[in-house]
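> My questions will all concern the structure given below.
Every number here is computed from the coordinates shown, using simple stated rules; none is lab data. Everything numeric here is computed off the predicted structure, so don't read it as measured data. Cβ sites come from the backbone with ideal geometry, for glycine too, and all protein chains shown count toward neighbours.
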Amino acid sequence: MIIPNVKENLFEYINASNPEYEDILECLEYEIHNRVYYYGAHFKNERESKGFLRRIRFFYKHLRLFFYILMSKNNLEKNFNGIRVLSATTVNYDEMLESEKLHVDRVPLFGRLGRPLNISFKVYIAFLKVDYRVNFYSFYDLVSSENVVFIRNFKKVFCDFIKLNNYQLLLVPEDLNFWHRLSIQAFKGLGIPSVCMAHGGTSMLYEGVADSKVSHLTVWGALQAQFHIENNYNPKKISITGHPKYLFEHKKLKFSLDNILVIAKSMAGVVLSKKKFIEDRGNSIMYLLMIEKALKDLGIVSVSFRPHPSESYAWYSKFIDSKFFNEDKEVLSTSLQASTLVIGPKSTAMVDAIAHGVNYVIFEPSLDGSDVFSGVITPPFDGSDPDFPVAANSLDLINILQNKLGINISAFERISKSPFDASFIRKFLDDN
């Protein structure tokens with residue numbers, strides 16, 4: 001019997017207690033933390049009080065997937081040319097990479113309308129059963145030997161699915177999610193490479209473990225690549241692609257106080273460092289109050305306010321002046337087109353804003369070198385780059401706004417290379 005000593009967090013203890021389950025528990029790590037930490041009314045879909053709604057969303061998702069499979073059914077017996085790839089990526093990487101003579105199918109549980117889902121109904125049901133367990137099993141059942149064995153047996157079905165369709169490359173947006181980790185494991189076990197296609201423009205290392213399980217990693221710009229390399233990532237396994245959707249054709253960025261959009265400083269829900277702690281949600285409110293005070297001192301009477309998609313404006317409205325912070329309900333692109341300035345924290349929203357020709361004022365209040373959630377502030381949001389002005393306090397924010405100290409648009413190429421460059425994929429084409 002293995003009786004481990006106290007560990008840094010619950011997952012580490014469970015893992016140490018069951019070394020024979022290590023492969024599957026590694027896949028379940030985020031789900032284990034999610035059950036413990038992801039709660040509170042500030043989240044739209046927090047776990048503890050909305051089980052019924054989560055089930056409705058779950059079965060709606062699978063109804064859509066069933067429909068997508070029906071639409072793709074004619075492709076099951078079709079002979080395709082080129083390298084076959086399985087993808088769970090975000091944005092429109094699939095379409096961009098198909099220009100490199102790849103045929104891209106979607107991972108069964110990450111289907112999209114109009115994109116191939118090359119799977120039989122029998123195999124899809126196997127995916128559904130595991131997905132249900134991952135989403136709804138209690139913590140105790142999730143980590144049970146019965147569930148571990150069930151998932152291991154499913155992984156054999158997944159591997160057979162990969163071999164049947166002769167997939168030669170896996171594309172994922174990150175390596176934290178259960179399905180992405182299981183997919184990476186399955187492909188690696190078959191000796192097939194995997195690539196993490198950047199789903200954001202900010203560097204999130206999580207103590208050097210994020211996106212470390214894949215064979216190759218892409219980032220949008222040289223600045224993010226350099227940051228990863230400085231934090232012990234292998235430069236030979238990093239490629240710079242640029243953004244797959246935006247063209248960044250603007251030569252000048254709007255900078256006016258007429259129509260300001262404020263982006264929330266949102267909580268992670270699950271803190272991914274080994275030493276777990278609950279982020280102080282009161283600091284989300286403090287962040288907004290600091291912005292409100294600075295803007296009112298400049299005569300601004302109202303702004304648009306956009307919480308993270310995972311967050312609840314109703315919760316925020318209990319703490320802020322809702323007449324000053326007007327809820328932004330528009331699609332992000334519509335909001336950005338109407339905005340004359342965006343104020344926000346470290347966020348991919350900066351890339352979105354610049355793509356729409358709007359300046360992004362970085363507001364990252366810091367205390368003892370960390371952000372308001374005790375997190376690491378990564379370049380260029382840390383004030384280390386003069387081409388990206390950063391307000392670390394309210395006085396900095398007022399100074400930037402009064403003097404219109406905007407981002408140097410000519411330096412933006414270092415954040416997102418343009419146009420999109422998929423040439424890195426040729427390495428995998430040549431290897432096959």
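> How far apart, in nm, are two points set 7 Å out from the Cα along the Cα-to-Cβ line at E22 and at S317?
5.1
> Just to check, using Stokes-Einstein with a Kirkwood Rh over alpha carbon pairs, what's the diffusion coefficient of segment 158-280 at 4 °C and 1.567 mPa s in µm²/s?
Translational D for this selection: 76 µm²/s.
> Also, I was wondering about something else. Report the Cα-based extents of segment 260-414 along its three principal axes, largest first, to the nearest Å.
Cα spread of segment 260-414 along its principal axes, largest to smallest: 39, 35, 29 Å.
> Another one. Can you pull the one-decimal nm distance between simple spin-label points at R54 and K329, each 7 Å off the Cα toward Cβ?
2.8
> Quick one: Karplus J couplings for segment 169-182, per residue in order, coefficients 6.51, -1.76, 1.60, θ = phi - 60°, nearest Hz, x for Gly and Pro?
Ordered by residue, 3J(HN,Hα) equals 6, 10, 10, 10, x, 6, 10, 9, 4, 3, 5, 5, 5, 5 Hz.
> What length, rounded to one decimal in nm, is gained on full extension from L247 through to E95, with 0.36 nm per residue of separation minus their alpha-carbon distance?
So the extension gain works out to 53.2 nm.
> Taking 0.36 nm per residue of separation and subtracting the Cα-Cα distance, what length does fully extending I125 through S145 add? Spell out each step's value before the answer.
Values: separation 20, 0.36 × 20 = 7.20 nm, distance 2.17 nm.
Computed gain between I125 and S145 is 5.0 nm.
> Helix 121-136 versus the longest principal axis of the chain: what angle, 0 to 90°, nearest 10, using Cα atoms?
Result, in degrees: 50.
> While we're looking at this one, here's another question. Taking the chain, how much of its Cα-Cα pair set, in percent, is spaced more than 32 angstrom apart? Mind dumping the intermediate values first?
Details: 39631 of 93096 pairs.
Counting pairs separated by more than 32 Å, the tail of P(r) holds 43 percent.
> Hey, can you grab everything whose amide H is under 5 Å from the amide H of H103? Only 5+ residues off in sequence or another chain; H modelled, so Pro and N-termini drop out.
Amide H neighbours of H103: I83, R84, V85.
> Cα to Cα, under 28 Å, and not fewer than 8 places away if on the same chain: which lysines meet these conditions relative to K417?
Straight-line reach from K417, under 28 Å: K101, K213, K236, K237, K245, K251, K252, K254, K265, K346, K404, K427.
> Also, quick follow-up: Quick one: helix 22-37 against the long Cα principal axis of the chain, what's the angle to the nearest 10°, folded into 0 to 90?
The angle comes out near 40 degrees.
> Springs between alpha-carbon atoms under 10 Å, Gaussian network over the chain: tell me which of V219, V303, V209 tops the mean-square fluctuations.
V209
> If you stretched the chain out fully between L63 and Y137, how much longer would it get, using 0.36 nm times the residue separation minus the C-alpha to C-alpha distance? Kindly include the intermediate steps, with their values, before the conclusion.
Numbers: separation 74, 0.36 × 74 = 26.64 nm, distance 2.04 nm.
Result: 24.6 nm gained on full extension.
> Relative contact order of the chain: what whole-number percent is it, with Cα pairs under 8 angstrom and at least 6 residues apart?
Relative contact order comes out at 16 percent.
> Here's a follow-up. Cut-off 10 angstrom, C-alpha nodes, Gaussian network model of the chain. Which of I56, I415, I291 fluctuates the most?
I56
> Still on this structure, please answer the following. Can you tell me the orientation of helix 145-164 relative to the chain, as the angle in degrees between its alpha-carbon axis and the longest Cα principal axis, to the nearest 10?
Tilt of helix 145-164: around 80 degrees.
> With no solvent and one equal point scatterer placed on each C-alpha of segment 258-335, evaluate the Debye formula and give log10 I(q)/I(0) for q = 0.12, 0.19, 0.21, 0.27 Å⁻¹, two decimals.
Taking Cα atoms of segment 258-335 as identical point scatterers yields -0.37, -0.83, -0.97, -1.39.
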